[in-house]
Amino acid sequence: MAMTRRTSLLLLSVVATLWAGLLSVGGVWLMLDGPARWPLVAPVGPRVGGAVLFCAGQFLFMYLVADRWFPRAGRSVTWPLELAATLVLIGGLLWIVLTIGPLRLVGA
């Protein structure tokens, strides 16, 4: 039994929306509650990690759901939003790797 395009789009949209929602809510939780739960990590660490998770969720939703449901959306609107989420995601990951990564290697 083959799935129709509409059913496939609906299934992908539901799964991707749940995935993006979990990433976004987890990111907000980490930004708000992370510094109190993990005081040994610099107070900026959980906030950057939360921003990375939040932007990953937003980018995932924009790419997997919104672009498929609204294929004729203007690139002048969608491109800057996707680029901003991607830049925050990459910048945050780089910050985490360059600042927290070496601390874990030396045992600090």
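The values are calculated or read from the model by the stated rules, or taken from the named source; none is laboratory data. Values in this document were obtained by computation on a predicted structure and should not be read as measured data. A quick note on method: Cβ atoms are made from the backbone with ideal geometry, for glycine too, and the neighbour counts reach across all protein chains shown.
A residue that is assigned to a loop (DSSP other than H, G, I, E, B), of a type outside the set (D, E, K, R) and either in contact with a Phe, Trp or Tyr (Cβ under 8 Å, 6 or more places away or on another chain) or surrounded by 12 or more Cβ atoms within 10 Å (Cβ to Cβ) (or both) can be found somewhere in the stretch 24-41.
If you go through the stretch 45-74 and pick out every residue that is touching a Ser or Thr at 6+ places or on another chain (Cβ under 8 Å), closer than 19 Å to residue 98 by Cα and surrounded by fewer than 20 Cβ atoms within 10 Å (Cβ to Cβ), you end up with 1.
Scoring residue 42 on the criteria (1) in contact with a Ser or Thr (Cβ under 9 Å, 6 or more places away or on another chain); (2) at pLDDT 85 or above; (3) under 29 Å from residue 99 (Cα atoms) leaves a single failure, condition (2). Look at (1) within 16 Å of residue 67 (Cβ to Cβ); (2) over 13 Å from the mean Cα position of the chain (by Cα); (3) buried (at least 16 other Cβ atoms within 10 Å of the Cβ) and you find that residue 20 fails only one, number (2). Let me confirm something: among 47, 72, which residue is of a type in the set (Lys, Arg) and either modelled with pLDDT of 90 or more or not in a helix (DSSP H, G or I) (or both)? Of 47, 72, the one residue that is of a type in the set (Lys, Arg) and either modelled with pLDDT of 90 or more or not in a helix (DSSP H, G or I) (or both) is 72.
What about residue 6, is it in contact with a helix residue (DSSP H, G or I) (Cβ under 6 Å, 6 or more places away or on another chain) and in a helix (DSSP H, G or I)? No. There is no residue in the stretch 20-29 that is of a type in the set (A, V, I, L, M) and farther than 21 Å from residue 90 by Cα.
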